[in-house]
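Structure record follows, encoded as structure tokens.
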Amino acid sequence: MSNFHIKHLEEYFQVYRKSVRNPEAFWEEIAEEHFLWRKKWDKVLTWDFNTPEIKWFEGAKLNITENCLDRHMLSRGNKTALIFEPNSPDEKAQHFSYKQLYEKVCKMANVLKSQGVKKGDRVCVYLPMIPELTISVLACARIGAIHSVVFAGFSASAIASRIKDSDCKIVITSDGSFRGKKVIDLKSIVDQALEECPNVSKVLVVKRTHQPIEITKGRDLWLEPLLKEAYPECAPEIMDAEDPLFILYTSGSTGSPKGMLHTTAGYMVYTAYTFKNIFQYKETDVYWCTADIGWITGHSYIIYGPLCNGATTVMFEGVPSYPDFSRFWQIIEKHKISQFYTAPTAIRALAKEGVNFLENCNLSTLKVIGTVGEPINEEAWHWYDDNVGQNKAPIVDTWFQTETGGIMISPIPFVTPTKPTYATLPFIGVQLALMDHQGEELKGNQVNGRLAIKFPWPSMARTIWGNHKRYKETYFSTYKNMYFTGDGALRDEVGYYRITGRVDDVIIVSGHNLGTAPIEDAINEHPAVAESAIVGFPHNIKGNALYGYVILKDTGESRRQDNLKNEINQIITEQIGPIAKLDKIQFTSGLPKTRSGKIMRRILRKIAEKDTSNLGDISTLLNPECVQDIIDNVV
Ligand code: WT7
């Protein structure tokens with residue numbers, strides 16, 4: 001009998017060794033005993049990192065929503081599955097039992113069917129953090145449709161490119177969204193996006209803000225009356241283990257966003273198993289992850305992981321600063337949260353406001369507190385440990401990626417001793433490697449290199465939607481027979497890992513993964529801009545902020561640079577979203593380039609960080625003379 005729940009360090013090492021020595025036998029045992037299958041697999045794992053092809057539990061038949069919902073009906077049908085905490089503390093929280101959530105998902109699934117959605121169709125979900133978001137995601141999975149959730153902070157053109165890339169025929173959205181004091185007009189953003197997407201034939205609209213919206217006849221439908229009429233039972237579509245479950249877009253260092261494709265069985269097994277262990281979830285706990293469901297953290301650790309374990313999961317519509325900076329702590333007290341999972345950028349923003357916002361809140365129910373999304377600095381780690389965990393609830397610093405589906409490096413609380421700023425040890429089944437510049441694996445401890453993964457794990461993305469070649473090139477071509485993460489990391493004297501940050505052109509701003517290329521493309525659309533380069537620089541709240549070097553066209557006319565800066569940020573907001581706005585803009589006459597014309601972002605990064613002590617050998621550049629000029633005019 002396999003143990004789903006690891007309880008001490010010796011057991012971790014024992015289980016880890018077993019999972020590495022015989023991964024197939026290990027994952028088979030986990031899958032066998034803890035999930036509901038319509039048919040068991042013929043083969044646990046087929047893999048080849050060259051093609052690359054990865055299949056887990058081939059031949060198995062299941063529906064993930066039967067594991068998230070149906071299976072709990074008898075044992076915990078009246079237990080709360082989902083708590084919705086609205087933006088305004090004056091609006092009542094909503095509790096959905098497993099039975100109620102089951103009915104809502106079935107109704108939504110029937111509505112989707114009645115609108116012609118079939119197994120394998122792509123459904124774009126562009127919703128704020130309201131219950132209908134979770135319900136829509138599960139409804140898609142119920143009928144075998146592939147959900148593509150687009151974060152509701154993205155702009156019209158960002159939605160349009162995602163809809164077109166995966167050819168979604170239907171969009172689920174709302175009239176608007178509440179965020180702190182703001183009311184955002186989501187529907188008109190969708191309307192604008194759809195001007196470019198003629199293949200979208202239906203838009204289903206949730207009523208949330210009650211603001212007036214434009215209805216396009218024949219295309220737009222209010223969801224409420226459809227749901228009211230819908231039948232509360234919907235037989236699950238029986239899926240193959242490797243049938244697609246969802247697409248989730250993530251930025252790359254070059255080109256358009258990548259639609260990472262996740263499949264059914266492996267994703268389910270891994271997210272459920274990691275959730276249970278990394279949050280040490282117990283039956284009566286109330287778990288809250290503050291991420292947005294528009295990111296992988298929300299998919300895996302608000303919806304699928306918790307619900308597969310029969311947990312009570314909280315979703316929060318609002319922001320940490322509204323009505324004031326005590327909101328998170330108020331929510332923890334109100335719902336007696338046991339596990340709290342957030343991002344370093346939120347921790348830093350809250351720490352800046354001082355401890356007086358925490359002082360009158362009872363946080364004693366917390367057992368485990370987590371962080372994810374970017375490296376956490378020492379100061380923020382200690383603030384979190386002292387004030388939120390109160391040195392009792394251990395911090396789990398969890399490293400993973402949209403591509404990995406589930407958490408790959410993390411302490412197991414009460415099992416792995418924590419160490420500030422360290423994600424500590426690989427999770428069960430995860431075989432890490434640190435690589436040097438020559439592409440050789442660094443053996444032993446106290447080494448620093450690039451992080452790669454040597455063996456498949458069940459929840460890894462299987463391809464990039466519509467572009468398998470790019471999947472291979474991005475992740476499997478840097479090191480032979482390994483998955484390359486794009487991150488740097490070090491391993492300390494006891495084998496603990498610390499993630500040092502991206503080694504490519506991806507910049508993490510407030511936990512949002514932003515590629516330089518799409519931002520530069522947006523800036524370059526400004527008629528006065530000839531060329532641009534974006535780098536990250538350290539920012540004490542956001543982790544990194546964006547610094548843009550911009551070369552203007554020589555038009556002879558003199559323009560107010562302040563206006564230009566606003567206009568550039570306006571274009572970025574329109575094309576990507578406000579999260580990608582530049583904090584600093586420097587107008588320059590040249591950008592350092594290699595002889596092959598590649599912009600040397602490493603040099604620009606150093607200058608933006610105001611560290612010009614070691615720029616390396618710049619004599620090999622195409623245009624070394626521009627470097628001093630850039631240094632002299634740094635903002
Ligand atoms: C990148 C993936 C996976 C959660 C949301 C982000 C960075 C993630 C950590 C951590 C240091 C982290 C990495 C990674 N990252 N977690 N605990 N410590 N860095 O998902 O948008 O796909 O971004 O986020 O750089 O590669 P994502």
- For region 263-272, state whether one or more residues are within 12 Å of the ligand (Cβ to nearest atom), in the same structural domain as residue 28 (by TED's automatic domain parsing), modelled with pLDDT of 95 or more and more than 14 Å from the chain's Cα centre (by Cα). no
- Message: Step by step: first the residues of region 283-305, then only those that are more than 16 Å from the chain's Cα centre (by Cα) and within 16 Å of residue 273 (Cα to Cα), then the one that is farthest from the ligand (Cβ to nearest atom). Which residue is that?
- Response: 283
- The number of residues in region 562-585 that are of a type in the set (A, V, I, L, M, F, W, C) and in contact with a Gly (Cβ under 8 Å, 6 or more places away or on another chain) is 4
- Does region 191-210 contain at least one residue that is touching a Phe, Trp or Tyr at 6+ places or on another chain (Cβ under 7 Å), more than 17 Å from residue 137 (Cβ to Cβ) and assigned to a loop (DSSP other than H, G, I, E, B)? yes
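Among 109, 93, which is the only one that is among the aliphatic types (A, V, I, L, M), in contact with a His (Cβ under 9 Å, 6 or more places away or on another chain) and at pLDDT 95 or above? Steps first, answer last, please.
Values: 109 fails: in contact with a His (Cβ under 9 Å, 6 or more places away or on another chain).
Only one candidate qualifies: 93.
Among the residues in region 615-626, are any in contact with a strand residue (DSSP E or B) (Cβ under 8 Å, 6 or more places away or on another chain), outside the structural domain of residue 345 (by TED's automatic domain parsing), assigned to a helix (DSSP H, G or I) and without any contact (Cβ under 8 Å) to a residue 60 or more places away in the chain?
To start, the set of residues in region 615-626 that are in contact with a strand residue (DSSP E or B) (Cβ under 8 Å, 6 or more places away or on another chain) comprises 621-623, 626.
Checking which are outside the structural domain of residue 345 (by TED's automatic domain parsing) leaves us with 621-623, 626.
If we keep only those that are assigned to a helix (DSSP H, G or I) too, we end up with 626.
If we keep only those that are without any contact (Cβ under 8 Å) to a residue 60 or more places away in the chain as well, we get 626.
Looking through region 615-626, at least one residue is in contact with a strand residue (DSSP E or B) (Cβ under 8 Å, 6 or more places away or on another chain), outside the structural domain of residue 345 (by TED's automatic domain parsing), assigned to a helix (DSSP H, G or I) and without any contact (Cβ under 8 Å) to a residue 60 or more places away in the chain.
Yes or no: region 542-551 includes at least one residue that is more than 17 Å from residue 373 (Cβ to Cβ), assigned by TED's automatic domain parsing to the domain that holds residue 587 and assigned to a helix (DSSP H, G or I). Lay out the reasoning, then the answer.
Quick first cut of region 542-551, residues more than 17 Å from residue 373 (Cβ to Cβ) only: 547-551.
Narrowing further to those that are assigned by TED's automatic domain parsing to the domain that holds residue 587: 547-551.
Next, only the ones that are assigned to a helix (DSSP H, G or I) stay: none.
So far as region 542-551 goes, no, none of its residues is more than 17 Å from residue 373 (Cβ to Cβ), assigned by TED's automatic domain parsing to the domain that holds residue 587 and assigned to a helix (DSSP H, G or I).
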- Selection count where residues are basic (Lys, Arg) and surrounded by fewer than 19 Cβ atoms within 10 Å (Cβ to Cβ), scope region 193-216: 2
- Failed condition for residue 437, given (1) modelled with pLDDT under 95; (2) within 15 Å of the ligand (Cβ to nearest atom): (2)
- What residue, of 395, 407, 428, 376, is within 28 Å of residue 258 (Cβ to Cβ) and touching an Asp or Glu at 6+ places or on another chain (Cβ under 9 Å)? 376
- Please work out which one of (1) within 21 Å of the chain's Cα centre (by Cα); (2) not in a helix (DSSP H, G or I) is the condition residue 349 fails and give its number. (2)
- Task: Report yes if residue 153 is in a loop (DSSP other than H, G, I, E, B), over 20 Å from the mean Cα position of the chain (by Cα) and under 29 Å from residue 308 (Cα atoms), otherwise no.
- Result: no
- Query: Quick check: is even one residue across region 33-49 surrounded by fewer than 21 Cβ atoms within 10 Å (Cβ to Cβ), of a type in the set (D, E, K, R) and out of contact with any strand residue (DSSP E or B) (no Cβ under 9 Å at 6 or more places or on another chain)?
  - Reply: yes
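Listed here are the residues, each with its yes/no results for (1) within 16 Å of the ligand (Cβ to nearest atom); (2) touching a residue at least 60 places away in the same chain (Cβ under 8 Å); (3) surrounded by fewer than 22 Cβ atoms within 10 Å (Cβ to Cβ).
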{"position": "334", "(1), (2), (3)": "no, yes, yes"}
{"position": "338", "(1), (2), (3)": "no, no, no"}
{"position": "344", "(1), (2), (3)": "yes, yes, no"}
{"position": "350", "(1), (2), (3)": "no, no, no"}
{"position": "379", "(1), (2), (3)": "yes, no, yes"}
{"position": "399", "(1), (2), (3)": "yes, yes, no"}
{"position": "409", "(1), (2), (3)": "yes, yes, no"}
{"position": "421", "(1), (2), (3)": "yes, yes, yes"}
{"position": "425", "(1), (2), (3)": "yes, yes, no"}
- If residue 404 passes every condition in (1) within 15 Å of the ligand (Cβ to nearest atom); (2) over 29 Å from residue 341 (Cβ atoms) but one, which one does it miss? (2)
- Residue that is of a type in the set (Gly, Ala, Ser), under 28 Å from residue 10 (Cα atoms) and touching a Gly at 6+ places or on another chain (Cβ under 8 Å), where the choices are 389, 429, 406, 370: 406
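So, residue 371, is that one more than 13 Å from the ligand (Cβ to nearest atom), under 22 Å from residue 276 (Cβ atoms) and among the polar types (S, T, N, Q) or not?
no
Return the only residue of 448, 481, 513 being polar (S, T, N, Q) and within 11 Å of the ligand (Cβ to nearest atom). Please lay out each step first, then the result.
Values: 448 fails: within 11 Å of the ligand (Cβ to nearest atom); 481 fails: within 11 Å of the ligand (Cβ to nearest atom).
On inspection, the qualifying residue turns out to be 513.
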- Task: Looking at (1) modelled with pLDDT under 95; (2) more than 21 Å from the chain's Cα centre (by Cα); (3) surrounded by fewer than 19 Cβ atoms within 10 Å (Cβ to Cβ), find the lone condition where residue 532 falls short.
- Result: (3)
- Selection from region 322-359 of residues that are under 25 Å from residue 153 (Cα atoms), at pLDDT below 95 and not acidic (Asp, Glu): 343, 344, 345, 346, 347, 348, 349, 350, 351, 352
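The values are calculated or read from the model by the stated rules, or taken from the named source; none is laboratory data. Predicted model only: the values in this text are computed from it and were never measured. Neighbour counts are summed over all protein chains in view; Cβ atoms, including those assigned to glycine, are modelled from backbone coordinates with ideal geometry.
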